[in-house]
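S.K.: Quick one: the structure is below, and I'll ask about it shortly.
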Amino acid sequence: MMSGPRLSANPGAYPLTRLRRNRRDDWSRRLVGETRLGVEDLIWPVFVCEGDGWREPVESMPGVERLSIDFVVEAAGDAAALGIPAIALFPVVDPDRKTPDGEESANPDNLVCRAVRAVAEAHDSLGIVCDVALDPFTTHGQDGLVRDGIVVNDETVQALVRQALVQAEAGCTVIAPSDMMDGRVGAIRAALDADGHEHVRIMSYAAKYASAFYGPFRDAVGSAAQLGQADKRTYQIDPANGDEALREVALDIAEGADMVMVKPGMPYLDIVHRVKEAFGMPTYVYQVSGEYAMLAGAAARGWLDGERVMLESLSAFKRAGADGVLSYFAVQAARRLRAG
Ligand code: PBG
């Protein structure tokens, strides 16, 4: 895949060539289809909250809910039954468990670890992805430790290692560092291996941009209020940059990443394409909360055909070169794909 177009120097022009011929019927359109979206391409991000038998809507993400662990287990079963390979769990941490240094992230009995254990026990064939970053756990909403107003790198990496270890211990099979600290993939890989978790995969948020499209996610996990007017531009990539994203990906691969990710998705398809071309790695893309909100919000008002924009956007990620997509539409898309 991804070799350049094989255009002959002098293609027989119209009327010899009519590109509409192949588009004429459904069977020939299907026959010339270049990319296929399948349920095996989908990873489903799920918000986990405290409680039992509790579910509540995320206002800025129509159709998305925060679920207590028992409902997460049930939802994970639905996802597995549909053939979705993996889910990604994101904890909505109680405000009274948040601290400046986010120590709750390394508590083996924290919300996300309890959710991982429950899902792993109930559905052992489902991949479980866990974010590594401190923002759900810190009172300031930053992904790392703040010293003298700066998010410090190396001390944060130590905290991220502790977080990754408790998550792996709980049964998480894919550690996904989303914090963008330098050197964290290598440190986490070494620690996982030293602790007997050499089979645990690392999917690095390798090219993660300082994006305004994460807004609804920060509402969903309750980190928006903590972060306030602050931003993450001292560690996430400037949306203006492309070459820098490739350097980030190269480093994460060198440090031992098994899979790499680009995030957000739709505004960064050029980056997805470049990453896949340059490295040929298993490459994933995150259709983030703001992208979901745009599509689902417009669909809810009848301004867009929700099902069609969902499938079109997901297929576009595949065309750009992604091997899979993290999407809040995963279950809806899987149902639609299964229905044929
Ligand atoms: C945490 C994290 C974020 C997302 C995934 N992990 C937010 C952020 O970096 O501020 C965003 C996902 C989304 O918007 O759907 N570091």
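S.K.: Within 16 Å of the ligand (Cβ to nearest atom), under 20 Å from residue 330 (Cβ atoms), open to solvent by less than 60 Å² (accessible area, probe 1.4 Å) and of a type in the set (Val, Ile, Thr), is that true of residue 260? Spell out how you get there, then give the answer.
M.R.: Numbers: within 16 Å of the ligand (Cβ to nearest atom): yes; under 20 Å from residue 330 (Cβ atoms): yes; open to solvent by less than 60 Å² (accessible area, probe 1.4 Å): yes; of a type in the set (Val, Ile, Thr): yes.
Yes: the conditions hold for residue 260.
S.K.: When the residues of segment 188-198 are narrowed to those that are over 19 Å from the mean Cα position of the chain (by Cα) and open to solvent by less than 30 Å² (accessible area, probe 1.4 Å), which ends up farthest from the ligand (Cβ to nearest atom)? Talk me through it step by step, then tell me what you get.
M.R.: Of the residues in segment 188-198, the ones over 19 Å from the mean Cα position of the chain (by Cα) are 189-198.
Retained after the next criterion (residues that are open to solvent by less than 30 Å² (accessible area, probe 1.4 Å)): 191-192, 197.
Details: 191: 19, 192: 19, 197: 21 Å.
Looking at residues that are over 19 Å from the mean Cα position of the chain (by Cα) and open to solvent by less than 30 Å² (accessible area, probe 1.4 Å), I get 197.
S.K.: In segment 79-98, which residue that is of a type outside the set (Gly, Ala, Ser) and surrounded by fewer than 14 Cβ atoms within 10 Å (Cβ to Cβ) is farthest from the chain's Cα centre (by Cα)?
M.R.: So in segment 79-98, the residues of a type outside the set (Gly, Ala, Ser) come out as 82, 84-85, 87, 89-98.
Among the residues that remain, those that are also surrounded by fewer than 14 Cβ atoms within 10 Å (Cβ to Cβ) are: 94-96.
Working: 94: 23, 95: 24, 96: 27 Å.
The residue in question is 96.
S.K.: Return the residue satisfying two criteria in turn: it lies in segment 41-61 and is in contact (Cβ under 8 Å) with a residue 60 or more places away in the chain and more than 14 Å from the ligand (Cβ to nearest atom), and of such residues it is farthest from residue 291 (Cα to Cα).
M.R.: Quick first cut of segment 41-61, residues in contact (Cβ under 8 Å) with a residue 60 or more places away in the chain only: 41-45, 47-50, 58-61.
When the remaining residues are screened for being more than 14 Å from the ligand (Cβ to nearest atom), the result is 41-42, 49-50, 59.
Working: 41: 18, 42: 16, 49: 23, 50: 26, 59: 15 Å.
Across segment 41-61, the extreme among qualifying residues is 50.
S.K.: In segment 236-271, which residues are in contact (Cβ under 8 Å) with a residue 24 or more places away in the chain and among the basic types (Lys, Arg)?
M.R.: The answer is 263, and nothing else.
S.K.: Among the residues of segment 199-216, are any of a type in the set (Val, Ile, Thr), open to solvent by less than 50 Å² (accessible area, probe 1.4 Å) and either part of a loop (DSSP other than H, G, I, E, B) or within 12 Å of the ligand (Cβ to nearest atom) (or both)? Walk me through it before giving the result.
M.R.: Of segment 199-216, the ones of a type in the set (Val, Ile, Thr) are 200, 202.
Add one more test, that the residue is open to solvent by less than 50 Å² (accessible area, probe 1.4 Å), and what stays is 200, 202.
Retained after the next criterion (residues that are either part of a loop (DSSP other than H, G, I, E, B) or within 12 Å of the ligand (Cβ to nearest atom) (or both)): 200.
Looking for residues that are of a type in the set (Val, Ile, Thr), open to solvent by less than 50 Å² (accessible area, probe 1.4 Å) and either part of a loop (DSSP other than H, G, I, E, B) or within 12 Å of the ligand (Cβ to nearest atom) (or both), one finds at least one in segment 199-216, hence yes.
S.K.: I would also like to ask the following. Would you pick out the residues in segment 199-211 that are within 20 Å of the chain's Cα centre (by Cα) and not hydrophobic (A, V, I, L, M, F, W, C)?
M.R.: Taking segment 199-211 first, the residues within 20 Å of the chain's Cα centre (by Cα) are 200-211.
Across segment 199-211, the qualifying residues are 201, 204, 205, 208, 209, 211.
S.K.: Using beta carbons and a limit of 6 Å, which pairs, at least six apart or on different chains, have the first residue in segment 216-234 and over 14 Å from residue 93 (Cα atoms) and the second one β-branched (Val, Ile, Thr) and surrounded by 17 or more Cβ atoms within 10 Å (Cβ to Cβ)?
M.R.: 234/151
S.K.: Among (1) out of contact with any Cys (no Cβ under 7 Å at 6 or more places or on another chain); (2) within 17 Å of residue 99 (Cβ to Cβ), which single condition is residue 178 missing?
M.R.: Looking at each condition in turn, residue 178 falls short on (2).
S.K.: While we're on this one: Search segment 128-160 for residues being open to solvent by 40 Å² or more (accessible area, probe 1.4 Å) and in a helix (DSSP H, G or I), and hand back the single one that is nearest to residue 118 (Cα to Cα).
M.R.: So the residue we want is 158.
S.K.: Go over the candidates 226, 236 one by one and state the one that is open to solvent by less than 20 Å² (accessible area, probe 1.4 Å) and in contact with an Asp or Glu (Cβ under 9 Å, 6 or more places away or on another chain).
M.R.: On the way: 226 fails: open to solvent by less than 20 Å² (accessible area, probe 1.4 Å).
Exactly one residue qualifies, and that residue is 236.
Conditions (1) within 16 Å of the ligand (Cβ to nearest atom); (2) not aliphatic (A, V, I, L, M), marked per residue:
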{"residue": "99", "(1), (2)": "no, yes"}
{"residue": "109", "(1), (2)": "no, yes"}
{"residue": "117", "(1), (2)": "no, yes"}
{"residue": "126", "(1), (2)": "no, no"}
{"residue": "133", "(1), (2)": "yes, no"}
{"residue": "139", "(1), (2)": "yes, yes"}
{"residue": "147", "(1), (2)": "no, yes"}
{"residue": "150", "(1), (2)": "no, no"}
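S.K.: For residues that are touching a residue at least 40 places away in the same chain (Cβ under 8 Å), over 17 Å from residue 46 (Cα atoms) and within 16 Å of the ligand (Cβ to nearest atom), scanning just segment 285-313, find the one that is surrounded by the fewest Cβ atoms within 10 Å (Cβ to Cβ).
M.R.: 297
S.K.: Also: Looking at segment 217-245, which of its residues are in a loop (DSSP other than H, G, I, E, B), away from the ligand (no atom under 12 Å from the Cβ) and modelled with pLDDT of 95 or more?
M.R.: Matches in segment 217-245: 234, 238, 239, 240, 241, 242.
S.K.: Which pairs have Cβ atoms under 6 Å, sit 6 or more apart or on different chains, and link a residue in segment 314-329 that is on the phi > 0 side of the Ramachandran plot and assigned to a loop (DSSP other than H, G, I, E, B) to one that is more than 12 Å from the ligand (Cβ to nearest atom) and among the hydrophobic types (A, V, I, L, M, F, W, C)?
M.R.: 321/272
The values are calculated or read from the model by the stated rules, or taken from the named source; none is laboratory data. Computed from a predicted structure; not experimentally measured. Here the Cβ is made from the backbone with ideal geometry for all residues, glycine too, and neighbour counts use every protein chain on show. Accessible surface areas use protein heavy atoms only, side chains included; no ligands, DNA or RNA. Shrake-Rupley method; radii C 1.70, N 1.55, O 1.52, S 1.80 Å.
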